[in-house]
Amino acid sequence: MRAVVVREARGSGSVDVVETDRPRPGRSDVLVKVHAAALNPVDAAVWSGVFGQPAPGGHFALGWDFSGVVVDAGPFGSFAPGTPVAGYVQGPVSAWGAQAEYVVVPASAVAAVPDGVDLTTAAALPLAALTAAQALDLLSLKAGDTLGITGAAGAVGGYAVELAKVRGLRVIGIARPKAEETVRDSLGADLFAAPGDRLAEQVRAHAPGGVDGVFDTMALREPAIGLVRDGGAYVTADPRGEAMPAGQRHIRRRVVYAVGDGARLSTLLDLVADGRLSLRIAATFPLHEARQAHEQLAVGGNPGKILLLA
């Protein structure tokens with residue numbers, strides 16, 4: 001099979017497509033013929049060297065979320081061959097990632113794609129939407145509370161806006177001014193604010209005592225936690241320790257690390273089928289043009305996910 005890897009982390013130009021043997025599922029795994037795989041900022045972190053360099057003669061695998069069809073399963077794999085699924089695999093820590101013709105993944109990390117959800121676009125959901133849902137869990141807000149979301153037009157931030165509205169939260173979407181229409185009209189944020197010198201003024205106009213929580217997908221740090229009321233909650237999606245702002249005013253601080261969860265993914269796919277969660281696609285590339293796809297990822301500003309079609 002063909003798979004996308006990085007053998008030397010030196011930018012998007014280090015992305016390669018290699019030939020390798022098709023993997024075999026373990027006892028609790030499924031083997032999926034990949035239909036589409038999404039590109040994520042974590043892929044850019046891999047090829048830019050955030051995770052260091054592969055061992056000599058080795059590689060880092062690329063690709064975390066995917067859609068496809070089950071072709072084989074271990075005795076405890078729980079999905080029959082022919083089942084359309086979407087799922088999540090731990091990219092660089094696996095031998096082969098989702099950006100490949102086939103991927104092996106624990107059955108517990110995949111979910112059946114329901115009728116009415118396009119199999120291609122389903123690949124845009126798992127990593128970003130699971131991150132958003134698990135961040136909202138950490139925030140522990142109740143219906144009627146006010147949540148600020150930085151990077152509200154991005155993949156994770158956009159899902160967070162829509163999922164927060166499903167939970168009955170009042171949402172202030174924080175994004176660059178050109179994204180206001182997307183954040184308010186397409187994603188459904190109640191209010192909009194732009195980052196910068198007037199951010200606190202804009203937010204306090206709508207929440208004078210501060211918001212109940214902030215999900216900081218932009219890693220604004222101090223400007224973002226400064227929006228939170230005393231005793232509120234702050235969650236960042238940036239795993240780097242230096243990204244966490246200093247503790248203050250009894251605000252709970254957490255970092256969200258996405259965890260594969262097929263049961264939760266199934267509920268998210270149902271929300272897509274019901275029209276309550278939207279899948280935004282910026283571009284698609286065939287697998288053999290993986291390097292070009294990652295070069296577009298490097299440019300940034302993509303209004304949705306970039307997908308590789310296997």
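The values are calculated or read from the model by the stated rules, or taken from the named source; none is laboratory data. Since the structure is predicted, the reported quantities are computational estimates derived from the model, not experimental observations. Glycine gets a Cβ as well: all are built from the backbone with ideal geometry, and neighbour counts include every protein chain shown.
At a glance:
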{"read-out": "Conditions (1) hydrophobic (A, V, I, L, M, F, W, C); (2) in contact (Cβ under 8 Å) with a residue 40 or more places away in the chain; (3) under 19 Å from Pro41 (Cβ atoms): number failed by Val166", "value": "(3)"}
{"read-out": "Pairs where the first residue, in segment 205-222, is assigned by TED's automatic domain parsing to the domain that holds Gly151 and the second is aromatic (Phe, Trp, Tyr) and modelled with pLDDT of 95 or more, C-beta under 9 Å, 6+ apart", "value": "Gly213/Tyr234; Val214/Tyr234; Phe215/Tyr234; Asp216/Tyr234"}
{"read-out": "Options Ala55, Ala45: the member that is aliphatic (A, V, I, L, M), at pLDDT below 95 and farther than 21 Å from Ile306 by Cα", "value": "Ala55"}
{"read-out": "Tally, over segment 3-34, of residues that are in contact (Cβ under 8 Å) with a residue 40 or more places away in the chain and either in a strand (DSSP E or B) or among the acidic types (Asp, Glu) (or both)", "value": "15"}
{"read-out": "Some residue of segment 8-30 being within 17 Å of Leu287 (Cα to Cα), within 18 Å of the chain's Cα centre (by Cα) and of a type in the set (Gly, Ala, Ser)", "value": "no"}
{"read-out": "Qualifying positions in segment 130-153 - part of a helix (DSSP H, G or I) and without any contact (Cβ under 8 Å) to a residue 60 or more places away in the chain", "value": "Asp137"}
{"read-out": "Check on Ala61, under 29 Å from Val117 (Cα atoms) and either surrounded by 23 or more Cβ atoms within 10 Å (Cβ to Cβ) or in contact with an Asp or Glu (Cβ under 7 Å, 6 or more places away or on another chain) (or both)", "value": "yes"}
{"read-out": "Subset of segment 58-97 (residues that are aliphatic (A, V, I, L, M), under 25 Å from Pro286 (Cα atoms), at pLDDT 95 or above and more than 20 Å from the chain's Cα centre (by Cα))", "value": "Val69, Val70, Val71"}
{"read-out": "Residue check, Ala193 crowded, with 22+ Cβ neighbours inside 10 Å, under 22 Å from Gly275 (Cα atoms) and either out of contact with any Cys (no Cβ under 8 Å at 6 or more places or on another chain) or in contact (Cβ under 8 Å) with a residue 12 or more places away in the chain (or both)", "value": "no"}
{"read-out": "Strands (runs of 3 or more DSSP E) contained entirely in segment 212-287, each with at least 1 residues that are surrounded by 20 or more Cβ atoms within 10 Å (Cβ to Cβ)", "value": "228-236"}
{"read-out": "Unique residue being in a loop (DSSP other than H, G, I, E, B) and either surrounded by fewer than 17 Cβ atoms within 10 Å (Cβ to Cβ) or not aliphatic (A, V, I, L, M) (or both) when the list is Gly87, Gly49", "value": "Gly49"}
{"read-out": "Residue match in segment 292-310 (condition: crowded, with 19+ Cβ neighbours inside 10 Å and touching a His at 6+ places or on another chain (Cβ under 7 Å))", "value": "yes"}
{"read-out": "Residue satisfying all of: in segment 110-129; part of a helix (DSSP H, G or I) and buried (at least 24 other Cβ atoms within 10 Å of the Cβ); nearest to the chain's Cα centre (by Cα) among these", "value": "Ala128"}
{"read-out": "Residue check, Ala37 in a strand (DSSP E or B) and buried (at least 19 other Cβ atoms within 10 Å of the Cβ)", "value": "yes"}
{"read-out": "Matching residues, segment 187-224, being under 22 Å from the mean Cα position of the chain (by Cα) and either of a type in the set (Ser, Thr, Tyr) or within 16 Å of Leu141 (Cβ to Cβ) (or both)", "value": "Ala189, Gly213, Val214, Phe215, Asp216, Thr217, Ala224"}
{"read-out": "Near pairs, Cβ below 6 angstrom, 6+ apart or cross-chain, from segment 62-86 (over 18 Å from Arg22 (Cα atoms)) to any residue that is of a type in the set (Lys, Arg)", "value": "Pro75/Arg27; Phe76/Arg27"}
